[in-house]
Structure formats: structure tokens, C-alpha cells
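The values are calculated or read from the model by the stated rules, or taken from the named source; none is laboratory data. Computed from a predicted structure; not experimentally measured. Cβ coordinates were reconstructed from backbone atoms using ideal geometry, including for glycine residues, and neighbour counts include every protein chain displayed. Areas reflect the complete protein model, heavy atoms only, side chains present, ligands, DNA and RNA absent. Shrake-Rupley method; radii C 1.70, N 1.55, O 1.52, S 1.80 Å.
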Amino acid sequence: MPDQPTRFETAAIRTQAPRSAAREHAVPVFLTSSFVFDDAEQARALFAEEIPGAVYSRYSNPNTDEFVRKLCLLERGEDGLSTASGMAAVFAALAALVKSGDHIVASRSLFGSTHQILTRLLPRWGVSSTYVDASDDAGWESAIRPETRVLFVETPSNPGLDVLDLDRLGALAKARGIPLIVDNCFATPYLQRPLAHGASLVVHSATKWIDGQGRVLGGAIVGDAALIAEARFFARHTGPSLSPFNAWVLSKSLETLAVRMDRHCQNALALATHFEGHAALEQVRYPFLASHPQHALARRQMSQGGGIVVLVLSGGYQRCRRFIDALALCSHSPNLGDTRTIVTHPTSTTHSKLTESERQAVGIVPGLVRISVGLEHVDDVIADIEQALAASA
Ligand SMILES: *Cc1c(COP(=O)(O)O)cnc(C)c1O
């Protein structure tokens with residue numbers, strides 16, 4: 001077998017499941033729940049995990065293997081596993097590493113469901129968490145306790161676009177011997193590789209930019225082989241498995257991630273630049289705008305600014321309602337990372353389960369809308385947002 005390709009685009013396209021007897025060019029979908037054994041000895045060795053190979057699709061399947069192997073190459077991770085959704089990846093990564101009495105330190109700005117896991121589900125099993133504000137660099141050190149087992153961050157964060165210093169956090173994690181888990185959903189491995197900054201694990205919602213076309217749910221955990229073995233044990237026996245079909249879609253999607261992200265980022269920067277200083281807006285947030293509080297850090301740690309732009313409308317929730325209802329081209333949906341531009345109002349939808357003060361603490365004000373900038377012509381997207389802002393006045 002030739003050496004594994006290392007350049008991003010080539011690895012994303014040329015990493016494939018072994019060809020079958022049919023000599024196919026594109027990899028087929030292996031819609032099979034189990035696999036047959038050549039003989040009794042092979043069955044024993046496969047179950048003992050002494051040799052690689054598929055046994056049962058709850059454990060693995062040629063399609064999920066291909067997706068994971070590719071994502072490991074792109075993130076430069078030793079090993080990985082796929083899951084049915086991003087939340088299954090977040091939960092499996094945490095559940096594999098903590099037990100009753102343990103403690104987690106996490107950045108305050110987190111995806112809504114991750115926040116629910118930390119504040120409402122894990123405490124049922126005796127696992128507590130402390131949040132650190134994005135602006136509080138010194139807070140991490142003082143939040144760590146003897147029983148802290150995980151540092152968990154999301155950067156850039158959803159939806160506030162806080163950017164956290166991965167070199168600093170990675171060094172702290174290494175110094176204290178605590179694994180750092182990074183939710184790399186917003187950046188994707190094309191823009192940012194947390195493992196190179198000292199993270200032990202990366203978790204993904206593959207539903208977003210990795211699929212990129214709003215079709216399937218999926219997730220993955222990639223990184224340190226010993227920690228992945230723990231997560232794999234948890235997932236094998238609890239069953240948050242990715243379906244072969246979804247894995248096939250996601251592996252195909254990775255083939256075009258680089259070209260899609262280039263255009264998403266280019267469109268997002270154009271849109272953010274256009275709307276900065278607009279009379280109807282209190283604020284425009286985008287990591288690669290000079291006005292972003294962590295602009296220099298974002299430029300150091302990410303190759304481009306990502307596909308999400310945040311607008312804060314003057315006029316609060318009522319203005320946002322009128323704005324969203326006036327949009328003619330952009331979709332109003334909770335998803336992100338699609339070819340279609342999507343507008344979301346976190347206060348009334350994705351982050352409505354947080355309390356008012358929890359939202360305030362992470363900057364989710366009632367006038368905030370999240371724009372997932374798509375691949376339409378950016379002038380059409382800008383024109384739609386312009387007309388909806390005018391109509392909502
Ligand atoms: C959407 C999202 C998740 C959850 O992923 P699902 O695939 O919807 O389960 C986790 N983290 C971030 C940052 C997300 O945007």
C-alpha cells in the first residue's frame with residue numbers, strides 16, 4: 001500500500017475503504033448489521049480485538065471505519081470513533097473519562113445541549129462542573145481541583161464566537177495531567193487542529209460543516225489512542241453508533257470540505273465586513289474582523305475565520321422577529337454549516353433552555369442572530385439581509 005497521503009485535500013479524497021471484488025471506484029454503502037467469520041479462530045480473535053476487522057455494525061463497519069480513518073488523518077489524531085450525532089460524541093467523550101465524585105472545568109460559552117449535560121445530567125451521577133469565562137485567562141488555573149478529570153472547551157463558541165487560547169490551555173492541561181477536550185465543530189480540521197496545540201481529544205458535530213449540506217446527523221471523537229480506547233468501550237456497550245449510510249455521506253462530504261470552507265469563509269468575511277457599522281446593528285462579531293476581542297489570537301490559531309457571523313440588532317427580540325419574518329432568501333432553521341445561508345435566533349430557540357442570567361453570562365442578548373453563511377452568491381445573501389433589516393425597522 002502506498003504511504004498515507006498527508007496533504008489535507010489529498011487525504012480527504014484518497015482515503016478509502018479497501019476495494020471489494022466488484023472493483024468499484026466510489027465506495028459502496030455497507031448496509032449490513034453484521035459480518036461473517038472465515039472460521040472459528042477468526043471469530044475468537046476478532047472478539048478479543050487481537051486483529052482488526054468488522055464484526056457487528058454497532059462496533060464498526062467499513063463505512064464508519066473509512067470516515068474515522070480519514071478524520072484522524074485530517075485532525076492528525078492517533079485514533080477515533082464515530083457517533084450518531086455530535087451530542088453522542090460529546091457525551092461519550094465525557095462519560096468515558098469521568099466517574100462519580102469527579103469534576104470538569106469548562107469554558108462558559110458552550111453549545112446548548114453540552115451545557116445541559118454539564119449542569120443538569122452529569123450532576124445526577126455525581127459529576128460536577130465549573131465554568132470559566134472566555135476573558136478570564138487566570139480562571140482556569142484556579143478552577144482546577146484535585147478531582148478535576150477533564151478540561152472542556154468550544155472554540156470558536158456557538159453562538160457567541162468566543163475564541164480561546166488553545167496553546168495556553170493545552171500547556172495547562174499537559175502541566176496538570178488533565179486531558180483537554182476541544183469541540184472543533186465551528187472550525188473543522190481545515191481551519192484549526194486542536195491536537196497540535198496540546199488537546200488530547202477533539203469532538204465533532206459532523207452534522208454541521210462536515211456534512212455541509214444539511215442532510216445527516218453524525219459525530220466523532222478523535223485523538224489520544226488510550227483515551228479513544230476508553231470512549232470506544234463506552235460506545236461499544238451503550239450503542240450511540242453512526243449508521244453506515246450516514247458515515248458514507250459524511251466521508252464523501254469530507255472530500256469537498258476544503259473547497260467548501262474556503263468559500264464559506266470568504267463569503268462570511270465579505271458579509272461581516274459589509275455589515276460592520278450598519279445603522280440597524282449594535283454589533284457585528286466575526287473572528288477575523290479587527291473589532292473581535294480575540295482577533296489576534298484567532299488569526300494565530302485559525303487559518304480563516306469560519307462560516308458563522310453574529311449580528312446584534314438594535315431593537316432586541318421584537319426587531320429580530322420582524323427581521324427573521326422578512327427574510328426572503330435565507331432560511332430560518334436551527335442548523336448551521338449548510339450550503340444554504342441559515343439565520344437562527346438563539347435566545348428563542350437553540351439556547352432557550354438556558355436561564356436569562358446563563359444567557360447573559362455568555363453574551364447571548366435578545367437582539368443576537370447567528371448567520372451561518374452559505375454558498376449562494378454572497379451579494380444575494382447581503383441583499384436579503386439588507387432588505388429584511390430595512391423591513392424590520
Ligand atoms: C450542533 C453542535 C453540537 C451538537 O451536534 P449534533 O450533531 O446536533 O448532536 C455540538 N457542538 C456544537 C458546537 C454544535 O454546533
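Worth a mention:
- Subset of the range 67-79 (residues that are more than 16 Å from the ligand (Cβ to nearest atom) and open to solvent by less than 10 Å² (accessible area, probe 1.4 Å)): K70, L74
- Filter pass, A143 being touching a residue at least 40 places away in the same chain (Cβ under 8 Å) and of a type in the set (G, A, S): no
- The range 81-107 - residue that is more than 12 Å from the ligand (Cβ to nearest atom) and not aliphatic (A, V, I, L, M) and, of those, most open to solvent (accessible area, probe 1.4 Å): K99
- Any hit, the range 247-267, residues being open to solvent by 40 Å² or more (accessible area, probe 1.4 Å), within 14 Å of the ligand (Cβ to nearest atom) and either touching a residue at least 24 places away in the same chain (Cβ under 8 Å) or touching a Lys or Arg at 6+ places or on another chain (Cβ under 6 Å) (or both): no
- Check on T114, of a type outside the set (G, A, S), open to solvent by less than 20 Å² (accessible area, probe 1.4 Å), touching a Gly at 6+ places or on another chain (Cβ under 7 Å) and within 14 Å of the ligand (Cβ to nearest atom): no
- Within the range 165-188, the set of residues being surrounded by 24 or more Cβ atoms within 10 Å (Cβ to Cβ) and in a loop (DSSP other than H, G, I, E, B) comprises N184, C185, F186, A187.
- Count - residues of the range 141-164 that are more than 13 Å from the ligand (Cβ to nearest atom) and not in a loop (DSSP other than H, G, I, E, B): 7
- Positions within the range 200-217 being open to solvent by less than 10 Å² (accessible area, probe 1.4 Å) and within 23 Å of H103 (Cα to Cα), in sequence order: L201, V202, V203, H204
- Verdict on V127 being open to solvent by less than 10 Å² (accessible area, probe 1.4 Å), of a type in the set (A, V, I, L, M, F, W, C) and in contact with a helix residue (DSSP H, G or I) (Cβ under 6 Å, 6 or more places away or on another chain): no
- Strands (runs of 3 or more DSSP E) completely within the range 270-382 that count 2 or more residues being assigned by TED's automatic domain parsing to the domain that holds L161, within 29 Å of H197 (Cβ to Cβ) and of a type in the set (D, E, K, R): none
- Selection of the range 96-139 for residues being outside any loop (DSSP other than H, G, I, E, B) and among the polar types (S, T, N, Q) yields S107, S113, T114, Q116, T119, S128, S129, T130.
- When A225, A196, A272 are checked against the criterion of being open to solvent by less than 30 Å² (accessible area, probe 1.4 Å) and over 29 Å from A26 (Cβ atoms), a single residue qualifies: A272.
- For R23, the stated conditions hold: it is away from the ligand (no atom under 16 Å from the Cβ), farther than 30 Å from T148 by Cα and not acidic (D, E).
- Evaluation of H332 against the conditions (1) modelled with pLDDT of 95 or more; (2) open to solvent by 60 Å² or more (accessible area, probe 1.4 Å); (3) within 19 Å of L110 (Cβ to Cβ) shows that the sole unmet condition is (3).
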